[in-house]
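Step one of this worksheet: look at the structure below.
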Amino acid sequence: MPYLTSAREISAIVAEYTSAKTLWIDTEVADYKSRNPRLSLIQVLDDPKDMSGDRVYLLDALDQPNIIAEFIEKIMINSDIEKVFHNASYDLKFLGNKKAKNITCTLDMAKKIPYYLLPLPNYQLKTIATSLCSFNNIEKQEQTSDWGKRPLTEEQIEYAYLDCIYLAQIHSNLLDLEAQASPDPATEDLISLSSRYSQLEQQCKLLNSESEHLQERMKKAMQIQNISETAYYKLTSYERTTVKATFTELARLAQNEGINLDFPITLTQKLQKDLGQNLEQLSVDIEKTTSWRLNSKTQENDIEDD
C-alpha cells in the first residue's frame with residue numbers, strides 16, 4: 001500500500017495508470033461536513049486480484065490542486081479507462097463531475113440486481129462487502145476521522161487501502177450476479193424457467209391470499225380494540241375526496257369564463273364507440289404499443305371447462 005506524497009511520485013504513477021483498462025478508486029475527504037470540503041486522498045487499485053494491498057496506491061491530494069487537476073485530466077476524463085467507484089456521485093464532486101467519462105458505480109449495480117439474488121437491508125459498502133464477499137470485521141470508524149490532519153495515522157492508512165480491495169471484490173461479484181440475472185434469452189431453458197415460475201406463482205397466490213386476509217383481520221381488530229399501533233404496525237385513516245362533473249357542464253363553464261382547457265383527452269374504447277363516425281371529425285393522435293402477458297395454460301383450461 002504505497003503512500004505517495006510528492007508531486008513527482010504521484011505524476012509518475014498517474015502516467016502508468018493511463019494505460020490501464022480498469023481502475024478501482026476511492027477518496028477520503030477532509031471537512032466533509034463543512035461548506036468547503038477538501039479532497040484528502042485518492043486511493044487507486046489497478047489489479048482486482050490483489051488482496052494484500054501492494055497494488056493500492058494512496059495519493060495525497062490535500063491542498064494540492066495541481067495533482068487533482070492532473071488526475072482528472074489524465075484519468076477521469078479518459079474514456080478508454082473504466083473507473084469503478086462505490087456511490088460514484090459523491091467522489092465525482094471532487095474528481096471532474098460531469099466531465100468524467102466511463103464511470104461504473106457499484107452502488108447503482110447493486111440496486112439493479114433483483115432482490116432475491118441480493119437480499120440486503122441497505123447498499124452501503126460495508127453491508128455489500130460483508131454479505132457478498134464474506135469480508136468480516138469491517139471497521140468504518142476511520143471514515144469520520146480527521147482527514148485534513150497530517151501525518152495520517154496508521155489506522156487511517158490501513159482503512160484507506162482496504163476500501164479499494166473491498167470495492168474490487170464487490171465489483172467482481174456484482175458482475176457475476178449481473179450475468180446470472182440477465183442470461184442470454186436465446187439460450188434460456190424454457191422448461192426449467194416455466195417449472196420454477198409455476199412454483200413461485202402458486203406460492204405467491206398463497207402468500208398474497210394470507211397477507212390480504214391477515215391485513216383485514218388486523219385492521220378490524222385494531223379498530224374494535226381501539227388500538228392505533230402495535231410493535232410492528234400503525235393504523236392510520238385517511239379521507240379521499242373525488243369531485244365529479246358532467247362533461248357538458250365543464251365545457252359550458254370553460255366557454256363562459258374563458259378558461260383554457262385545451263389538453264388532450266384519452267378516448268377510451270367506450271368513448272370511441274359512443275362517438276361512432278363522429279370520431280372522424282376529430283384531429284387525433286394515435287399511439288400504438290405492444291405489451292406481452294404471460295398467461296397460465298392451467299387457468300385457460302379452467303375457463304374453457306366452465
(request) Among residues belonging to segment 88-115 that are of a type outside the set (D, E, K, R) and more than 15 Å from the chain's Cα centre (by Cα), point out the one that is nearest to Val29 (Cα to Cα). (result) Phe94
(request) Look at segment 1-16 and say how many of its residues are surrounded by 13 or more Cβ atoms within 10 Å (Cβ to Cβ) and among the basic types (Lys, Arg). (result) 0
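For Asn208, indicate whether it is open to solvent by less than 100 Å² (accessible area, probe 1.4 Å), within 30 Å of Leu193 (Cα to Cα) and at pLDDT 90 or above.
Working: open to solvent by less than 100 Å² (accessible area, probe 1.4 Å): yes; within 30 Å of Leu193 (Cα to Cα): yes; at pLDDT 90 or above: yes.
It is true that Asn208 is open to solvent by less than 100 Å² (accessible area, probe 1.4 Å), within 30 Å of Leu193 (Cα to Cα) and at pLDDT 90 or above.
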(request) Taking only segment 68-86 into account, find how many residues are closer than 19 Å to Arg38 by Cβ, open to solvent by 10 Å² or more (accessible area, probe 1.4 Å) and touching a residue at least 24 places away in the same chain (Cβ under 8 Å). (result) 3
(request) Please indicate, with yes or no, whether at least one residue in segment 211-219 is in contact (Cβ under 8 Å) with a residue 60 or more places away in the chain, within 41 Å of the chain's Cα centre (by Cα) and open to solvent by less than 100 Å² (accessible area, probe 1.4 Å). (result) no
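Would you mind stating whether Cys164 is hydrophobic (A, V, I, L, M, F, W, C), over 30 Å from Val84 (Cα atoms) and either open to solvent by less than 90 Å² (accessible area, probe 1.4 Å) or out of contact with any helix residue (DSSP H, G or I) (no Cβ under 7 Å at 6 or more places or on another chain) (or both)?
On the way: hydrophobic (A, V, I, L, M, F, W, C): yes; over 30 Å from Val84 (Cα atoms): no; either open to solvent by less than 90 Å² (accessible area, probe 1.4 Å) or out of contact with any helix residue (DSSP H, G or I) (no Cβ under 7 Å at 6 or more places or on another chain) (or both): yes.
No, not satisfied.
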(message) Of all residues being part of a loop (DSSP other than H, G, I, E, B) and aliphatic (A, V, I, L, M) in segment 1-50, which is farthest from His171 (Cα to Cα)? Just the residue, please.
(response) Met1
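Looking only at residues that are of a type in the set (A, V, I, L, M) and either under 30 Å from Ser198 (Cβ atoms) or open to solvent by 100 Å² or more (accessible area, probe 1.4 Å) (or both) in segment 248-306, which one is modelled with the lowest pLDDT? Quick ask: steps written out before the conclusion?
Just the residues of segment 248-306 that are of a type in the set (A, V, I, L, M), to begin with: 250-251, 253-254, 259, 261, 265, 267, 271, 275, 279, 282, 284, 286, 294, 303.
Those left that are additionally either under 30 Å from Ser198 (Cβ atoms) or open to solvent by 100 Å² or more (accessible area, probe 1.4 Å) (or both): 286, 294, 303.
Values: Ile286: 88, Leu294: 82, Ile303: 48.
Looking at the filtered set, the residue picked out is Ile303.
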(request) Could you list, in sequence order, all residues of segment 231-247 that are among the hydrophobic types (A, V, I, L, M, F, W, C) and open to solvent by less than 100 Å² (accessible area, probe 1.4 Å)? (result) Ala231, Leu235, Ala245
(request) Please find, within segment 17-45, the residue that is nearest to Ser89 (Cα to Cα) out of those that are out of contact with any Asp or Glu (no Cβ under 8 Å at 6 or more places or on another chain) and open to solvent by 50 Å² or more (accessible area, probe 1.4 Å). (result) Tyr32
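Among the residues of segment 116-159, count how many are modelled with pLDDT under 90, small (Gly, Ala, Ser) and open to solvent by less than 60 Å² (accessible area, probe 1.4 Å). Can you show your working first?
Restricting attention to segment 116-159, the residues satisfying the condition of being modelled with pLDDT under 90 are 134-145.
With the extra rule that they be small (Gly, Ala, Ser), the set shrinks to 134, 145.
Right, trim to open to solvent by less than 60 Å² (accessible area, probe 1.4 Å) and you get 145.
Number of matching residues: 1.
The values are calculated or read from the model by the stated rules, or taken from the named source; none is laboratory data. In this text, all values refer to a predicted model and were calculated from it rather than measured experimentally. As a convention, Cβ positions derive from the backbone with ideal geometry for all residues, glycine included, and neighbour counts pool all protein chains shown. For accessibility, only protein heavy atoms count, side chains too; no ligands or nucleic acids. Shrake-Rupley method; radii C 1.70, N 1.55, O 1.52, S 1.80 Å.
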